[in-house]
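To keep things clear, I will list the structure first and then write my remarks on it.
The values are calculated or read from the model by the stated rules, or taken from the named source; none is laboratory data. What you see is a predicted model; the values in this text were computed from it and never measured. Neighbour counts run over all protein chains shown; Cβ positions are idealised from the backbone, glycine included. Just so you know, the surface numbers come from the protein's heavy atoms only, side chains and all, with ligands and any DNA or RNA stripped out. Shrake-Rupley method; radii C 1.70, N 1.55, O 1.52, S 1.80 Å.
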Amino acid sequence: MESVSLITVVVFEVDLLIRIGLSVRVIMRRRPVGVSLAWLTIILIFPFGGAVIYLAFGETRLGTRRARRTALVHGPYLRWLADLEHRTAVDWSRLGPECEPLARLTEATVGIPAMSGNRIELIEETDTVFRRIIADVDGAQRTCHMVFYIWNNGGLADEVTEALIRAARRGVICRVLVDAVGSAPFLRSETAQRMRHEGIRLHAALPVSLIRSLFVRLDLRMHRKIVVIDGEVGYTGSLNMVDPRFFKQDSGVGQWVDAMVRVRGPVVEGLAITFLEDWELDTGEGLDQLRNSGDVRALEDAGDAAVQVVPSGPITESHAIQQVLLMAIYTARRELVLTSPYFVPDELLLTALVSAARRGVDVTLIVPAKVDSLLVRFASQAHKIDLLEAGVRIAMFEGGLLHTKSITVDGKFSLFGSLNLDPRSLWLNFEITLSAYDREFTAKLRGLQQRYLDDSQFMDLDTWRKRPGIERLVVNSARLLSPLI
């Protein structure tokens, strides 16, 4: 009996020490209050299990080897970007007083200036996106660079694969980077093996394994969508390398609805350099080699649009993309329209949206009526109630899983890319966003948002309040976990 009692005391004391130690660690990391409180709750409520969960998912651990490589690569990357500043000449006087401060904030946090002389084209039809990419790959003479979170075999995605194979056969350098988790089935497929056999340099970003989980946080993912052809033509947006007619057909949310932009002009350099840093971090090909064969060079003007590339992720300055989002929202004076498939805002983002609505801005949030995550649906619902009470209009898109990520502000400028309005995109994932300081493009994007609104139903606050108490309890409980989703 005494030995049993001794074991019990030892276990209790070890658990207590672990809880105290991890609690101190959470407090000293000085993360957002909501995030810190959520982790403290998990650590203190669940014996041992809370510690395991925190060690697995509570800190941004890139791994020792990747951290060393990041330290070596990110400095030259920033110096490479700094060279862009000497070749930019944006006439802010014709764009409105709101744009320049946002551009300066972005440059100060991510190191990339706004660049004039660009042509930016919004493409809302998935088939058209694929056809344009295929045509550009078929016309490539030097390089084809692509990074995607999901690459899924089937339909038009297979035609892109064939175009890359044709390019590789004629001597074009083809580099393809896909997320190890999001594209896991593809990486195991015969298609991936064939691409490598044909000379395409295909690599998995942020690989995972049981052993790596001891040293690396496994849910840090490569969520960017970038295509750069010959260093001259770029694509980005929300569309993965996925034909929606062949993807998650049994998920019950309908086809995914996406949009992309095709850009030409100096801004393509920012996309190209961002891809090359991602490539170097995962492959170690070598900075000198990439400078020689990466196909990055000064580009001539191709249009009139001022555009800024905004990469974000665990290796960029903390809070960078959050600061950009908040400033864009606080800039709004007349109208603010946002689309996001996953809407789980942190306290600062929620406050900014509520503040905008209460100062008279017409704020509209467009989200899909159905999403492929039950926890996200519940957590999102609780925040939507706060917004409805403040006067925000919330439209539930019924034409499929709306996956487009966009923000338009007063018809003057817009944000567009891969960034969801949730903690994962803000803090954990590698994302890419374009700030478009161009009224013509913003008007076209606002038109696309309006077409989404035309296929939506607006949420009604009174209807929500009449729902069963148990449902409201579940929703409000999920809200407590929202900082960790």
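Below, the figures for the structure above:
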{"quantity": "FRET efficiency estimate (nearest 0.05) - Cβ-Cβ, Gln450 to Glu300, R0 30 angstrom", "calculated": "0.30"}
{"quantity": "Size of electric dipole in the stretch 347-414: Cβ of Lys, Arg +1 and of Asp, Glu -1, about Cα centre, debye, nearest 20", "calculated": "80"}
{"quantity": "Size of electric dipole in the stretch 320-443: Cβ of Lys, Arg +1 and of Asp, Glu -1, about Cα centre, debye, nearest 20", "calculated": "160"}
{"quantity": "Accessible carbon and sulfur surface of the stretch 169-290 relative to its total accessible area, %, 1.4 Å", "calculated": "53"}
{"quantity": "Val35 accessible area, assembled protein chains, probe 1.4 Å, Å²", "calculated": "20"}
{"quantity": "Cut-off 18 Å (backbone N to label point 7 Å along Cα→Cβ of Arg104), residues of the stretch 413-437", "calculated": "437"}
{"quantity": "Fully extended contour minus Cα-Cα distance, from Arg334 to Ala135, at 0.36 nm per residue", "calculated": "67.6 nm"}
{"quantity": "In nm, spacing of pseudo-spin labels at Ser251 and His319 (7 Å Cα→C-beta vector)", "calculated": "3.3"}
{"quantity": "Phi-based couplings in Hz for the stretch 295-303 (Karplus 6.51, -1.76, 1.60; Gly and Pro marked x)", "calculated": "6, 9, 7, 5, 10, 6, 4, 10, x"}
{"quantity": "For Tyr342, residues with placed amide H under 5 Å, excluding near neighbours", "calculated": "Leu421"}
{"quantity": "At R0 = 45 Å, FRET efficiency that the Cβ-Cβ distance of Arg166 and Arg359 yields, to 0.05", "calculated": "0.25"}
{"quantity": "Cross-link pairs beyond the 20 Å C-alpha cut-off, checked among Lys225/Lys412; Lys370/Lys412; Lys248/Lys370", "calculated": "Lys225/Lys412; Lys370/Lys412"}
{"quantity": "Sites Gln193 and Asn292 - FRET efficiency at Förster radius 30 Å, r taken between beta-carbons, to 0.05", "calculated": "0.60"}
{"quantity": "The stretch 261-270 - phi-based ³J(HN,Hα) in whole Hz, Karplus 6.51/-1.76/1.60, Gly and Pro as x", "calculated": "10, 10, 10, 9, x, x, 4, 4, 4, x"}
{"quantity": "Whole-Hz ³J(HN,Hα) from phi, Karplus 6.51 cos²θ - 1.76 cosθ + 1.60, for the stretch 343-357, glycine and proline x", "calculated": "10, 9, x, 7, 5, 5, 5, 4, 4, 4, 5, 4, 4, 4, 5"}
{"quantity": "Solvent-free Debye scattering, log10 I(q)/I(0), computed from the Cα coordinates of the stretch 273-416 at q = 0.17, 0.18 Å⁻¹", "calculated": "-1.03, -1.09"}
